[in-house]
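The values are calculated or read from the model by the stated rules, or taken from the named source; none is laboratory data. Nothing here was measured: the structure is a model prediction, and the numbers come from that model. Cβ atoms come from the backbone with ideal geometry, glycine included; neighbour counts cover every protein chain shown.
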Amino acid sequence: MRYSIQASGESRSFPSGDPFLAGASPSAEADVLIYLGTPAALKAAKKAVLIELRNECLAEHVDETDPGGANVLGFCRYRNGADPPSKLIEIVRLSNTKGDAVDAAKAVFELAGLTVVVCADQPGRILDRLLRPKYNAALRFLDEGLATAKDMDTTCRLGLGYPDGPIERVVRGGLAYHYEVTRALFETYGTPAYAPPRRAVAAKHH
């Protein structure tokens, strides 16, 4: 499955030097068109057109009632803030997305050695909606004096088998970045668990 890339600015999913960038084909030969950054004309005669997402929904770029956009999908490669990108790609589909477009998108990433999950078009997708409340709870426990950062991280590593603890992970990824993600989730859902914690708010304003 051949793919072409149109990039505008630095990509969070595929930063400079990522081998996925080198595997791209000329646009005329590609089955799948991938936008990294701001998308241009979305209606293309391709099996799939993919738009890299950050915190926004795919519906901000394409009208899901338009049959002409049935081959357009969003994607986000999970990345813990400033950490290198992971192997996991979240593909976002709309209610009218064609099945063969989903299959083409999955094939492109899986052939590159990445793991793909497919989800509906919701802010935060799967991972951020699951993980950010856990980081927020750990940061609030730290503020409340429940335990030190070291003790919470050690408990999660040894007691739960995590490779790292919640405090060290969210701090390593960047508290200002955590603020941006949780603020977007809180504005959408209004759920207290998504509200940016004190330390993230402070980091954003420093």
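Run down VAL170, VAL181 and say which single residue is surrounded by 19 or more Cβ atoms within 10 Å (Cβ to Cβ) and in contact with a Leu (Cβ under 8 Å, 6 or more places away or on another chain).
Numbers: VAL181 fails: in contact with a Leu (Cβ under 8 Å, 6 or more places away or on another chain).
Sole residue among the options that is surrounded by 19 or more Cβ atoms within 10 Å (Cβ to Cβ) and in contact with a Leu (Cβ under 8 Å, 6 or more places away or on another chain): VAL170.
One line per residue, one yes/no per condition, for (1) at pLDDT 95 or above; (2) farther than 30 Å from THR97 by Cα; (3) of a type in the set (A, V, I, L, M, F, W, C); (4) in a helix (DSSP H, G or I):
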{"position": "VAL116", "(1), (2), (3), (4)": "yes, no, yes, no"}
{"position": "ARG132", "(1), (2), (3), (4)": "yes, no, no, yes"}
{"position": "ASN136", "(1), (2), (3), (4)": "yes, yes, no, yes"}
{"position": "ASP143", "(1), (2), (3), (4)": "no, yes, no, yes"}
{"position": "ALA176", "(1), (2), (3), (4)": "yes, yes, yes, yes"}
{"position": "TYR179", "(1), (2), (3), (4)": "yes, yes, no, yes"}
{"position": "THR182", "(1), (2), (3), (4)": "yes, no, no, yes"}
{"position": "THR188", "(1), (2), (3), (4)": "no, no, no, yes"}
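What tally of residues in the stretch 150-167 results from selecting those that are in a helix (DSSP H, G or I) and buried (at least 17 other Cβ atoms within 10 Å of the Cβ)?
Looking only at that region, the number is 5.
Scanning the stretch 137-149 for residues that are in contact (Cβ under 8 Å) with a residue 40 or more places away in the chain and among the hydrophobic types (A, V, I, L, M, F, W, C), which turns out surrounded by the fewest Cβ atoms within 10 Å (Cβ to Cβ)?
That would be ALA137.
Across the stretch 1-47, which residue is nearest to GLY81 (Cα to Cα) among those that are touching a residue at least 60 places away in the same chain (Cβ under 8 Å) and hydrophobic (A, V, I, L, M, F, W, C)?
Ranking the qualifying residues of the stretch 1-47, first place goes to PHE14.
Do we find a residue being surrounded by fewer than 14 Cβ atoms within 10 Å (Cβ to Cβ) and over 30 Å from TYR3 (Cβ atoms) anywhere in the stretch 108-131?
The answer is no; no qualifying residue exists.
Restricting attention to the stretch 14-36, does a residue exist that is surrounded by 12 or more Cβ atoms within 10 Å (Cβ to Cβ), under 13 Å from the mean Cα position of the chain (by Cα) and assigned to a loop (DSSP other than H, G, I, E, B)?
The answer is yes; a qualifying residue exists.
Each row is one residue, and each column tells you yes or no for (1) closer than 17 Å to ASP83 by Cβ; (2) basic (Lys, Arg).
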position: ARG129; (1), (2): no, yes
position: ALA137; (1), (2): no, no
position: ARG140; (1), (2): no, yes
position: ALA149; (1), (2): no, no
position: LEU160; (1), (2): no, no
position: PRO163; (1), (2): yes, no
position: HIS178; (1), (2): yes, no
position: GLU187; (1), (2): no, no
position: THR191; (1), (2): no, no
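With the structure loaded, tell me whether ASP83 is in contact (Cβ under 8 Å) with a residue 60 or more places away in the chain, closer than 15 Å to GLU52 by Cβ and not polar (S, T, N, Q) or whether it fails that test.
no
Just checking, how many residues over the stretch 59-102 are modelled with pLDDT of 95 or more, surrounded by 14 or more Cβ atoms within 10 Å (Cβ to Cβ) and part of a helix (DSSP H, G or I)?
Total satisfying the criteria: 2.
If ALA112 satisfies every condition in (1) more than 19 Å from ALA193 (Cα to Cα); (2) free of Cβ contacts under 8 Å to residues at least 40 places away in the same chain but one, which is the exception?
If we test ALA112 against (1) more than 19 Å from ALA193 (Cα to Cα); (2) free of Cβ contacts under 8 Å to residues at least 40 places away in the same chain, just (2) comes out false.
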